[in-house]
Amino acid sequence: MSNPSTPLLDTVNTPDDLRKLQPEQLRQLADELRAETIAAVGVTGGHLGSGLGVVELTTAIHYVFDTPNDKLVWDVGHQCYPHKILTGRRDRIRTLRQGGGLSGFTKRAESEYDPFGAAHSSTSISAALGFAVANKMQDKPGKGIAVIGDGAMSAGMAYEAMNNAREAGNRLIVILNDNDMSIAPPVGGLSAYLARLVSSREFLGLRDLAKKLARRLPRPLHKAAKKTDEFARGMATGGTLFEELGFYYVGPIDGHNLDHLIPVLENVRDAAEGPCLIHVVTQKGKGYAPAEAAADKYHGVQKFDVVTGAQAKAPPGPPSYTNVFAQALIAEAQRDPKVCAITAAMPSGTGLDKFELAFPDRIFDVGIAEQHAVTFAAGLAAQGMRPFCAIYSTFLQRAYDQVVHDVAIQNLPVRFAIDRAGLVGADGSTHAGSFDVTYLASLPNFVVMAAADEAELVHMVHTCAVHDSGPIAVRYPRGNGTGVAMPEVPEALAIGKGRIVREGRQVAILSLGTRLEEAMKAAEALEAKGLSTTVADLRFAKPLDEAMIRKLLTTHEVAVTIEEGSIGGLGAHVLTLASDLGLIDNGLKLRTMRLPDLFQDQDKPEKQYADARLDADAIVDTVLTALRHNSVGAEARA
């Protein structure tokens, strides 16, 4: 037993320590765990409400199950801060989402208690099923445990996994964390009693015996007995859907009542039945009044004052790109009744919550279902509407086959608004929009634009709206704009035409997207060194402005491309163009600057770009190195 004056949390470094506590001590531990989570996120910022909602559930799972031998997979992972505190990382919890610190999501390289990394939704059941079946095949005892939210259950992938769950037998446990009361009947004493009853070994034993007896009945009576069992429990608990998918359903139960959670988890742990789904109802933001009172339950927060809940406010500045997009799209919808918007469960993240206020009948939130979102948009476009599919770059990856098969091949004018393009800071590699130029510009029929600033974004939204000859995409970053003057009237850009923003003679910098600001800084530094520099904003990654690029490559000593994306993007397309035009054979001095071929961990965005060598200093260094190399080469040839 611990010293009464010592906080229980101080005695728990790993779940092994937790399992030494008495059940009656768990309430105090959970309260201390919640307080520690609040205190840590107050320092670092991050996801708060989701973690507060699973404090008791986290405690109960690690208390009942043999983690890490039992593999616990958190869907998305943004609720895993209490889990990290209980699994040996409390001493680093105030480094969450900081450079060199703990990830804001689960990460295999961080701990053996994170068996599967996650930051996108609806992957947990598939992964846990993989662990469970692997243990079964290797005759190992461990279970696979997936904790998935009711929002994540809107994705088809969750049901694809559940449809194959029979392969795992009783080694797979899915815990449905229902924090929206979206599918849950009222939870009370009767419900908790029923959950304990139907998960008990005695009930399961009787049920198994009844099944065996029923099999000896004539087939019609056997089917009737099976349906009666399912109907009775479905009426009491609402689990018929999951039963049809092969799961034994238990719940709903109060996810904050440890006296309910512990016995149910123990019963399920020891059950001889097949895969089991436990329906747990929780409250997002539980136990912290400011979070409970907030509309978003403090889903994601800046650093904040723990006593008052007041979040640190950034100094006033230019509008965010997300807000600029939203306002520009509202203006387009006011001009054109065919403009409509689609989001995959991210109305506020994409700015479409503002669009919804103006046009509630012209926005569609399809849930966490990016594949459906894209094909739905294709259907709208095929019937003459002008759909804008607003999806983060990193989430659009989930719907790539639909982008190819349902949009590009059919040359349908779906408009893709790609938020969070480029590096995203504290969310790290799982949310970085590194690949969209590469995976979209390789597709026939596509137009791919990148906004250099917020005024350009307004023009590009308008260009998307009036473009009816095929798919078109505009990418823009997270964060605020540059503060440029905004256009009173948007301009429809000529497809595939860039612009020269600074004239020079010796060095040409070909920029795509918001690296333009760094390109202009680099040009100033090069001018100070006596190197006359041209800066071009290409605007389009596809189609390229071939005439302008050819002129720049043939009239300057050195040309450099720069982009906020991976290899295979703008630089690769410019190099291919130069090769096709025969410029490579003429001693072309061309360098490409792009994101490094690795997944960058979280840090401040400016630090990430400096590490990626995509800032003004790196541009200058790249130009000077190329000039020195060319001088040496010329001397050697002489």
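Each value in this text was obtained by applying a stated rule to the coordinates, not by laboratory testing. All of these numbers come straight from a predicted model, not from anything done at the bench. A quick note on method: Cβ atoms are made from the backbone with ideal geometry, for glycine too, and the neighbour counts reach across all protein chains shown.
Under 13 Å from the Cβ of Asp611, count the other residues' Cβ atoms, weight Lys and Arg +1, Asp and Glu -1, and hand me the total.
Values: positive: Lys604, Lys607, Arg613; negative: Asp601, Asp603, Glu606, Asp615, Asp617.
Result for the local shell: -2.
At 7 Å along the Cα-to-beta-carbon direction for both Arg94 and Thr482, put a label point, then send me their distance in nm to one decimal.
Rounded to a tenth, the inter-label distance reads 3.9 nm.
If amide hydrogens are placed 1.01 Å from N in the peptide plane, which non-local residues have theirs closer than 5 Å to the one on Ile509?
Placed amide hydrogens put Thr534, Val535, Ala536, Val560 under 5 Å from Ile509.
In terms of the Cα gyration tensor, with a ≥ b ≥ c the square roots of its eigenvalues, is the range 276-395 rounded because a/c is under 1.5, prolate because a/b exceeds b/c, or oblate? Kindly include the intermediate steps, with their values, before the conclusion.
Working: a/c = 2.70, a/b = 1.46, b/c = 1.86.
Oblate, because a/c is 1.5 or more while a/b does not exceed b/c.
Let's see if you can work this out: charge +1 on each Lys and Arg Cβ, -1 on each Asp and Glu Cβ, no other charges. What is the dipole magnitude of the range 459-587 about its Cα centre, in debye to the nearest 20? List each step's numbers first, then the result.
Numbers: 13 positive and 16 negative charges, 16 e Å.
Dipole of the range 459-587, to the nearest 20 debye: 80 debye.
What does the net charge come to around Val466 if you take all other residues with beta carbon closer than 13 Å to its beta carbon, with K and R at +1 and D and E at -1?
Summing Lys and Arg as +1 and Asp and Glu as -1 gives 0.
What ranking do 375-382, 128-135 get when scored by the average of other Cβ atoms within 10 Å per residue, highest first?
Details: 375-382: 20.5, 128-135: 22.2.
So the peptides 375-382, 128-135, ranked by packing, come out 128-135, 375-382.
Distance between Cα centroids, the range 140-167 to the range 496-555: provide it in whole Å.
50
I'd like the antiparallel share, as a percent to the nearest 5, of DSSP beta bridges with both residues in the chain. Mind dumping the intermediate values first?
Details: 10 of 67 bridges.
Restricted to the chain, the bridges split so that about 15 percent are antiparallel.
Among Val558, Tyr439, Leu423, which residue has its Cα furthest toward the positive end of the charge dipole of the chain, with +1 on Lys/Arg Cβ and -1 on Asp/Glu Cβ?
Farthest along the dipole direction, towards plus: Tyr439.
Based on alpha-carbon positions alone, could you give the equivalent ellipsoid semi-axes of the range 499-637 from the gyration tensor, as √(5λ), descending, whole Å? Don't skip to the answer; put the middle values down first.
Working: eigenvalues 99, 63, 47 Å².
Here the semi-axes work out to 22, 18, 15 Å.
Given charges of +1 on the Cβ of Lys and Arg and -1 on the Cβ of Asp and Glu, with all other atoms neutral, how large is the dipole of the chain about its Cα centre, in debye to the nearest 20?
About 1180 debye.
Could you give me the radius of gyration and the Dmax of the chain, taking only the C-alpha atoms into account and expressing both in angstrom?
For the chain, the Cα-based Rg and Dmax read 28.1, 98 Å.
Per-residue counts of other Cβ atoms within 10 Å, averaged by peptide: what ranking do you get for 287-296, 169-178, highest first?
Details: 287-296: 15.8, 169-178: 25.2.
Per-residue Cβ counts within 10 Å, averaged per peptide and sorted highest first, yield 169-178, 287-296.
Any chance you could list the semi-axes, whole Å, largest first, of the equivalent ellipsoid that the Cα gyration tensor gives for the range 1-67, using √(5λ)?
On the way: eigenvalues 88, 42, 19 Å².
Semi-axes (√(5λ), whole Å): 21, 15, 10.
In the structure shown, do any of Lys497/Lys607; Lys84/Lys297; Lys529/Lys551; Lys542/Lys607; Lys354/Lys542; Lys140/Lys284 have a Cα-Cα gap over 27 Å, and if so which? It would help to have the intermediate numbers written out before the result.
Numbers: Lys497/Lys607 32 Å; Lys84/Lys297 21 Å; Lys529/Lys551 24 Å; Lys542/Lys607 29 Å; Lys354/Lys542 30 Å; Lys140/Lys284 35 Å.
Exceeds cut-off: Lys497/Lys607; Lys542/Lys607; Lys354/Lys542; Lys140/Lys284.
All other residues with a Cβ under 12 Å from the Cβ of Ala158 taken together, and with Lys, Arg as +1 and Asp, Glu as -1, what is their net charge?
Summing Lys/Arg as +1 and Asp/Glu as -1 gives -3.
Taking one equal scatterer on every alpha-carbon of the range 321-475, how large is log10 of I(q)/I(0) by Debye at q = 0.17 1/Å?
Log10 of I(q)/I(0), two decimals: -0.90.
Specify which residue in the list Pro82, Ala40, Gln371 is farthest towards the positive end of the charge dipole of the chain, using unit charges on the beta carbon of Lys, Arg (+1) and Asp, Glu (-1), about the Cα centre.
Gln371
What's the magnitude of the charge dipole for the range 321-475 around its Cα centre, counting Lys and Arg as +1 and Asp and Glu as -1 at the beta-carbon? Answer in Debye, nearest 20. Present the calculation step by step, with values, prior to reporting the outcome.
On the way: 9 positive and 16 negative charges, 37 e Å.
The calculated dipole for the range 321-475 is roughly 180 debye.
Once amide H atoms are placed 1.01 Å from N in the peptide plane, what residues at a sequence separation of 5 or more from Phe364, or on another chain, have their amide H within under 5 Å of its amide H?
The list, which skips near neighbours in sequence, is Ala341, Ile342, Thr343.
Using the basic label-point model (7 angstrom from Cα toward the beta carbon), what is the Leu624 to Gln25 distance in nanometres?
In this crude spin-label approximation the distance works out to 6.2 nm.
Mind checking the full-extension length gain between Asp16 and Asp139? Use 0.36 nm per residue of separation minus the Cα-Cα distance, one decimal, nm.
Gain in length upon complete extension: 41.9 nm.
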